[in-house]
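Quick notes on the structure that follows.
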Amino acid sequence: HRHVKIVHSAVIRILFLHNNSTLLYICETGDNKQRMRSRLFEYWFSTYNRKALFTMISSSIVDAEGVVNFATIILRNDNPELSEIIVEFTESIQLLSQKPE
């Protein structure tokens, strides 16, 4: 896990170094370890020494088959569209969480 953490931190640094990208990730569900992956990524982010520069929002969504999916966005706090991106992510999660009638 240490090697993966180093790669994870490097990817975040490279992705956000010179731009205001938004990172959206969904934890893979094929082996039913998605909850563990989500917690691990959140832990890694909590130990990142520059985390105060970023906003991280995580959410879970139960799909039609009852599988819990974990989605997270990470973006820089100086992103000029920060509020809009957070609203769009939140609304998308709410929409995906609604049960079809």
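When the stretch 29-81 is filtered for residues that are exposed (fewer than 14 other Cβ atoms within 10 Å of the Cβ), more than 24 Å from residue 91 (Cα to Cα) and of a type in the set (Lys, Arg), the ones remaining, listed by number, are 33, 50.
Out of all the residues in the stretch 47-101, which are outside any strand (DSSP E or B), among the charged types (D, E, K, R) and over 26 Å from residue 31 (Cα atoms)? Once the filter is applied, which keeps residues that are outside any strand (DSSP E or B), among the charged types (D, E, K, R) and over 26 Å from residue 31 (Cα atoms), the stretch 47-101 yields 50, 51, 78, 81, 84, 88, 91, 101. Check the stretch 21-28 and report whether any residue there is more than 21 Å from residue 97 (Cα to Cα) and either assigned to a loop (DSSP other than H, G, I, E, B) or open to solvent by 90 Å² or more (accessible area, probe 1.4 Å) (or both). Yes, the stretch 21-28 contains a residue that is more than 21 Å from residue 97 (Cα to Cα) and either assigned to a loop (DSSP other than H, G, I, E, B) or open to solvent by 90 Å² or more (accessible area, probe 1.4 Å) (or both).
Against the test of being β-branched (Val, Ile, Thr) and at pLDDT 90 or above, the options 90, 47, 22 yield a single qualifying residue, 90.
The residues of the stretch 30-84 that are touching a helix residue (DSSP H, G or I) at 6+ places or on another chain (Cβ under 7 Å), of a type in the set (Lys, Arg) and in contact (Cβ under 8 Å) with a residue 24 or more places away in the chain amount to a single one, 76.
The values are calculated or read from the model by the stated rules, or taken from the named source; none is laboratory data. Not measured: the values here are computed from a predicted model. Cβ atoms come from the backbone with ideal geometry, glycine included; neighbour counts cover every protein chain shown. Quick note on the areas: whole protein, heavy atoms, side chains included, nothing else; ligands and nucleic acids left out. Shrake-Rupley method; radii C 1.70, N 1.55, O 1.52, S 1.80 Å.
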